[in-house]
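What follows is a set of notes on a single structure, which appears directly below.
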Amino acid sequence: MTGSRTGQSREELARAERAGEASAEAAYQAEQAGTERLAPGTDLTAAAFFDVDNTMMAGASTFHYARGLAARKFFTTGDLARFAIRQVKFRIGGENAGDMTSAREEALSFVAGRQVAEIVSLGEEIYDELMADKIYPGTRELAQRHLDAGQRVWLVTATPVELAQIIANRLGLTGALGTVAATENGTYTGRLVGELLHGKAKAAAVRALAAREGLDLRRCTAYSDSINDVPMLSVVGTAVAVNPDAQLRDVARRRRWQVLDFRTGRKAARIGVPSLLGAGALGGAVAAGLAVRRRYR
């Protein structure tokens, strides 16, 4: 029995690593393909990573997206209700094999057999209709503070990477790490690359992106609301619990992580935001003098 559990854990860890690597590669390629170039003085070794659901955005981004698809008759309101129930169970009950299987199947049901271009176009429409007004101003301001300090900012979410990149683009952020679905000839196959970008997979994605970008994780900051994101919060130098669930709040207190709550309407300007830049702000003057990488010239 113990060997079976160990084997399963190793398999799950391998899937998480594959998911993280695929997500980091997608983020890296999207950044390279972008038309914007890093400004002189960009801090090349520090960055910030933000969870999306209930951290940057009120509610679940995939559920808002599902609402938009339901309105376009992609599936029935009954399907939407069942999806909502699974999302609530997943958020409250935490991670287990049954929940992860349901979440994975639900994610695949969004895109299987459809063109990537179609999903991206729909995502842009649905973000503007249903998500734009769900962004927490306080969390958005925190992200802007990192940008103003010359640091790049990525979203990190289990949401499909195409939708995550749309959210990042709309918010003026650097990019996004999200769940990668396999494609063939521009069409989704109905399979994931590795696993949902959740839990340990998020930590793997952050580590993989840091390796590609030359980031010093000790100088980076991560933000999340969920106990499931402790692996991601633990790989950076500065961790911040934003709108935390009860379990994450307890962990944050024990580890002396800063706790912020924007659900009551408080603004980031009322908080000691400079401290949130943490180790990432240290050495900024030195990094500002570094030449921007050749690929950004």
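A few points about this structure:
- Between the beta carbons of Phe75 and Arg218, assuming R0 = 35 Å, the FRET efficiency works out to 0.20 to the nearest 0.05.
- Phi angles across region 128-134 convert, under the Karplus curve 6.51 cos²θ - 1.76 cosθ + 1.60 with θ = phi - 60°, into 3J(HN,Hα) values of 5, 7, 10, 10, 3, 7, 9 Hz, Gly and Pro given as x.
- Neighbourhood charge, 13 Å Cβ-Cβ cut-off, centred on Gln115 and excluding it, Lys, Arg +1 and Asp, Glu -1: -2
- Sequence-distant residues sharing a close amide H with Asp53 (under 5 Å, placed H): Ser61
- Annotation: amide H-H contacts under 5 Å for Leu155 (H modelled 1.01 Å from N, sequence separation of 5 or more, or interchain): Phe50, Gly175, Ala176, Leu177.
- Interchain or long-range residues, amide H under 5 Å from Leu192's placed H: Ala182
- Val120-Arg10 pseudo-label distance in nm [points 7 Å out on the Cα-to-Cβ vector]: 4.0 nm
- Computed from backbone phi with θ = phi - 60° and the Karplus coefficients 6.51, -1.76 and 1.60, the 3J(HN,Hα) list for region 217-233 is 4, 5, 9, 9, 10, 10, 10, 7, 9, 10, 4, 5, 9, 4, x, 5, 4 Hz; x is used for glycine and proline.
- Residue-span extension gain [Ala246 to Thr189] - 0.36 nm each, minus C-alpha spacing: 16.7 nm
- When you work out D = kT/(6 pi eta Rh) for region 9-77 at 4 °C and 1.567 mPa s, using the Kirkwood radius from C-alpha pairs as Rh and the Stokes-Einstein form, the result is 81 µm²/s.
FYI, it's all coordinate maths here, none of it is from the lab. All of these numbers come straight from a predicted model, not from anything done at the bench. Heads up, the Cβs are rebuilt from the backbone with ideal geometry, glycines too, and the neighbour counts pull from every protein chain shown.
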